[in-house]
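Take a look at the structure set out below.
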Amino acid sequence: MRDHVENNDVPVRNSANIQRELAENGFVVVRNVLTSDQVSALRQSVRNHLKSAGWYNYGGKFQVQAMHSVPDVGRIITTDRVLDLLEDITSPNKVVLTRECDIMMNTTSTWHKDITQHPIVDGNRVFEDETFRVYKAAFYLQDQDEASRATLKVRPRSHRMKDGTEMPVEPAAVRAGDAVVFDIRIDHVGQFPSLSDKLMRRGFEKIGPRLNVDPQKAFSKARALLRRSHPHGPDRMAIFMTFGPSHEWTRAYASACEQLHAPVDASMNPDVMAHLAARGVSVL
């Protein structure tokens, strides 16, 4: 496992190594980017927010543009320790954040590339252009070892391929507070749905319209009830922060996201915006 760390507290600041891993393999794991206190605060904030807000989908709940809609998320993932990492990655360019910052709880997933969900793919150009450097920093708020169903899986080097399905799979095992940074073109998957998940989802998709029930909401609530009645570990929570260098590709991705998501009815905290401005970090 690729692991950039000198001790149990401070992530290595070696931008050359991190940039090389991202260029060659499409992902990198950096240890201890968030402190345990920050992880605890984020878990509480994510849980509280998603109790009454967000959307039901993929068997769980999620919220887009969370830096704006969840104050603790905006505050914690723009601290100096996080921004130092982002600067390591985009150097020598300035860091640009997009409004795309998703929080998710107990969602399931299948193999996909984030780039194909957005209308900026131009044939193979997006996979061939070496100047493309748009990334997500994923912060998982619980430990996820190599054998866990919850662990993010990637196909290294598939970020330079339109179809990477033949590439070998590698789990990105983390402890709470680590960051998995990945090129948005890489093939990746989070927690696969179980057989019971698939059966429940299909069932609700069939009967939901007849009963005037949102099948995604019903499916997600059913999974939540099962988790409470048969507990098997903490709620699976993650934050996905999208960023890149000050470059046309980053701006194109941010513009495409605006076409997909209506802006949330919230503004980023003024203190956070002032801190970002002082660091020379812009938000598209």
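Things worth noting here:
- Which listed residue is of a type in the set (A, V, I, L, M, F, W, C) and modelled with pLDDT of 95 or more, from Ile89, Ile120: Ile89
- Within segment 124-146, the residues that satisfy the criterion of being farther than 24 Å from Ser15 by Cβ and either acidic (Asp, Glu) or without any contact (Cβ under 8 Å) to a residue 24 or more places away in the chain (or both) are Arg125, Glu128, Asp143, Asp145, Glu146.
- Summed over segment 209-243, the residues that are within 30 Å of Leu22 (Cα to Cα) and either in contact with a strand residue (DSSP E or B) (Cβ under 6 Å, 6 or more places away or on another chain) or among the hydroxyl-bearing types (Ser, Thr, Tyr) (or both) give a count of 8.
- Out of Ala218, Ala224, Ala179, one residue alone is over 22 Å from Arg81 (Cβ atoms) and touching a residue at least 60 places away in the same chain (Cβ under 8 Å). It is Ala224.
- Residue that is least open to solvent (accessible area, probe 1.4 Å), among those in segment 47-80 that are without any contact (Cβ under 8 Å) to a residue 60 or more places away in the chain and within 23 Å of Arg31 (Cα to Cα): Ile76
- Residue among Val82, Val73 that alone is over 30 Å from Ser194 (Cα atoms), hydrophobic (A, V, I, L, M, F, W, C), modelled with pLDDT of 95 or more and out of contact with any Leu (no Cβ under 6 Å at 6 or more places or on another chain): Val82
- Some residue of segment 169-179 being at pLDDT 95 or above, under 29 Å from Glu248 (Cβ atoms) and not in a loop (DSSP other than H, G, I, E, B): yes
- Among residues of segment 268-282 that are among the polar types (S, T, N, Q), those with a Cβ under 8 angstrom from a residue that is in a helix (DSSP H, G or I) and open to solvent by 70 Å² or more (accessible area, probe 1.4 Å), sequence gap 6+ or separate chain, pair up as Asn269/Pro71; Asn269/Arg75.
- Some residue of segment 147-159 being over 16 Å from the mean Cα position of the chain (by Cα), modelled with pLDDT under 95 and open to solvent by 60 Å² or more (accessible area, probe 1.4 Å): yes
- Counting only strands (runs of 3 or more DSSP E) that sit wholly inside segment 11-79, those with at least 2 residues that are within 21 Å of Asp145 (Cβ to Cβ) are 27-30.
- Number of residues in segment 203-229 that are open to solvent by 20 Å² or more (accessible area, probe 1.4 Å) and in contact with a Pro (Cβ under 9 Å, 6 or more places away or on another chain): the value is 7.
- Matching entry among Val189, Val272 (being touching a Lys or Arg at 6+ places or on another chain (Cβ under 7 Å), of a type outside the set (S, T, N, Q) and under 14 Å from Thr108 (Cα atoms)): Val189
- Of the candidates Lys136, Lys162, Lys94, the single residue that is under 22 Å from Gln63 (Cα atoms) and not aliphatic (A, V, I, L, M) is Lys136.
- Within segment 230-253, being over 21 Å from Ser109 (Cβ atoms), surrounded by fewer than 22 Cβ atoms within 10 Å (Cβ to Cβ), of a type outside the set (D, E, K, R) and in contact (Cβ under 8 Å) with a residue 24 or more places away in the chain holds for Pro245, Ser246, His247, Trp249, Ala252.
- Residue in segment 197-208 that is within 21 Å of the chain's Cα centre (by Cα) and either under 30 Å from Leu22 (Cα atoms) or part of a helix (DSSP H, G or I) (or both) present: no
- Subset tally (residues that are touching an Asp or Glu at 6+ places or on another chain (Cβ under 7 Å) and not in a loop (DSSP other than H, G, I, E, B)) for segment 154-168: 3
- Complete set of residues in segment 254-264 that are in contact (Cβ under 8 Å) with a residue 40 or more places away in the chain and either exposed (fewer than 13 other Cβ atoms within 10 Å of the Cβ) or of a type outside the set (Gly, Ala, Ser) (or both): Cys257, Glu258, Gln259, Leu260, His261, Pro263, Val264
The values are calculated or read from the model by the stated rules, or taken from the named source; none is laboratory data. Here the structure is a predicted model, which means the values were calculated and not measured. FYI the Cβ positions are ideal-geometry reconstructions off the backbone, even for glycines, and counts take in every protein chain you see. These accessible areas exclude ligands, DNA and RNA; they are computed on the full protein's heavy atoms, side chains included. Shrake-Rupley method; radii C 1.70, N 1.55, O 1.52, S 1.80 Å.
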